[in-house]
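Throughout, read-outs are computed from the coordinates displayed, never taken from laboratory work. Source: prediction; values computed, not measured. Glycine gets a Cβ as well: all are built from the backbone with ideal geometry, and neighbour counts include every protein chain shown.
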Amino acid sequence: MREIHAIPLLTGHCRHPECMTLRDGRWQPVAFPALATLLIHPDEGPVLFDTGYDPAFMAATRPFPERLYRWATPVSHTPGQDAASQCAALGYEPTAVRHLVLSHFHGDHVAGIHAFPNAQIHCARAGLQDVGRGGRLTSTRRGILRALLPADIAARARFFEDAPSTPLPSWLSPFERGADLLGDGSLLAVELPGHCPGHWGLLIEDARRGPHFLVADAAWSSDAIRRDMPPPGLTTAFLGDTGSGRKTLNALHQVWSRSPDIRLTPSHCRERAAEAQAEA
Ligand SMILES: [Zn+2]
């Protein structure tokens, strides 16, 4: 695989009871970070995996019924924390970003799309189709804020399902195949079913740390992967499919058990966010 320089971006936090995300978690509210990742590709330049929170999230959750989303998971997002501002501060103008890779369409992963108008949008067809399902209240309850999606998304979308399928390295078993997004083996999208329709992760060869699997919301924390501890069925059934979500978490647990040094990064992992802050 071609090496990629990966830079984690902490875009804010939301708060909700830990027991919504971990079956044996506590009732008291806990801050969950929202991470995006800037990937510097040797030829294509800056690529962004998810966008995290953005001021557009606050605007989209001002009216009802979308405000219910913000009430359910109160968000803390300060100026300059959005992915676009952080990219610019690192010397990468958002207009120069040519590729966005979206794990799924929940609002806390896509709020910043508007700031990257020249990027192709790599995503799951199943995910984008699901965005159009139901009215505003139903969508909001499922974590979807349609106002965050650009009007030209259909023209800019490149679907994971259409990318060349390639075998994954054996250490990633039981995951078997990935979608080669750029055709050079550098960005391999891997389906991680369960969290919501069309939920995928991304495997890269991180120049500093070796193989690095960005697993988005397939787990809420690295600790959950280590302990194979899913969220309660109530939470998972609300958003996606409990059975396949648990299978995916167990598969990640198997990968970790065999190769504990390989990096698996959930988007809302506090350990990973602490590392990101230490590096910044
Ligand atoms: Zn999600």
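In the chain, what % of DSSP beta bridges are antiparallel (nearest 5)?
Numbers: 32 of 47 bridges.
Roughly 70 percent of the DSSP beta bridges within the chain come out antiparallel.
Which net charge results when you count Lys and Arg as +1 and Asp and Glu as -1 among the other residues whose beta-carbon is under 14 Å from that of Ala72? It would help to have the intermediate numbers written out before the result.
On the way: positive: Arg15, Arg67, Arg70, Arg141, Arg142; negative: Glu66, Asp108.
So the environment of Ala72 carries a net charge of +3.
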So if I place +1 on the C-beta of Lys and Arg and -1 on the C-beta of Asp and Glu, and nothing else carries charge, what would the dipole magnitude of segment 49-159 be about its Cα centre? I want it in debye, nearest 20.
460
Can you compute 3J(HN,Hα) from phi for each residue in segment 134-139, using the Karplus curve 6.51 cos²θ - 1.76 cosθ + 1.60 with θ = phi - 60°, rounded to whole Hz and x for Gly and Pro?
x, x, 5, 5, 4, 4
Per-q log10 I(q)/I(0), the chain, q = 0.07, 0.09, 0.11 Å⁻¹ (Debye; single scatterer per alpha-carbon; no solvent)
-0.21, -0.36, -0.56
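Below 8 Å, C-alpha to C-alpha, sequence gap of six or more: please give me the relative contact order for segment 200-276 in percent. Walk me through the numbers before you get to the answer.
On the way: 92 pairs, mean separation 31.9, N = 77.
Averaging sequence separation for qualifying contacts and normalising by length gives 41 percent for segment 200-276.
Full extension from Ser76 to Arg2: what is 0.36 nm times the residue separation minus their Cα-Cα distance, to one decimal in nm?
Values: separation 74, 0.36 × 74 = 26.64 nm, distance 3.58 nm.
Separation in residues times 0.36 nm, less the Cα-Cα distance, equals 23.1 nm.
Would you mind classifying segment 121-214 by shape? Square roots of the alpha carbon gyration tensor eigenvalues, ordered a ≥ b ≥ c; an a/c under 1.5 is rounded, otherwise it is prolate if a/b is larger than b/c and oblate if not. Walk me through the numbers before you get to the answer.
Numbers: a/c = 2.31, a/b = 1.88, b/c = 1.22.
The shape class here is prolate.
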Nonlocal amide H pairs with Leu182, under 5 Å, H built at 1.01 Å:
Leu187
Looks like segment 37-168, by Cα gyration tensor root eigenvalues a ≥ b ≥ c and the a/c under 1.5 rounded cutoff (else prolate when a/b is bigger than b/c, oblate otherwise), is oblate
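Would you mind calculating the relative contact order of the chain from Cα pairs under 8 angstrom and at least 6 residues apart, reporting the percent as a whole number? Don't jump to the answer; show the numbers that get you there.
Details: 620 pairs, mean separation 54.7, N = 280.
In percent, rounded to a whole number, it is 20.
With +1 on each Lys and Arg Cβ and -1 on each Asp and Glu Cβ, how big is the dipole of segment 12-82 about its Cα centre, in debye rounded to the nearest 20? List each step's numbers first, then the result.
Working: 6 positive and 8 negative charges, 108 e Å.
Dipole magnitude for segment 12-82 comes out near 520 debye.
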Among rounded, prolate and oblate, which fits segment 175-280 when a ≥ b ≥ c are the square roots of the eigenvalues of its C-alpha gyration tensor, a/c under 1.5 means rounded, and a/b larger than b/c means prolate?
oblate
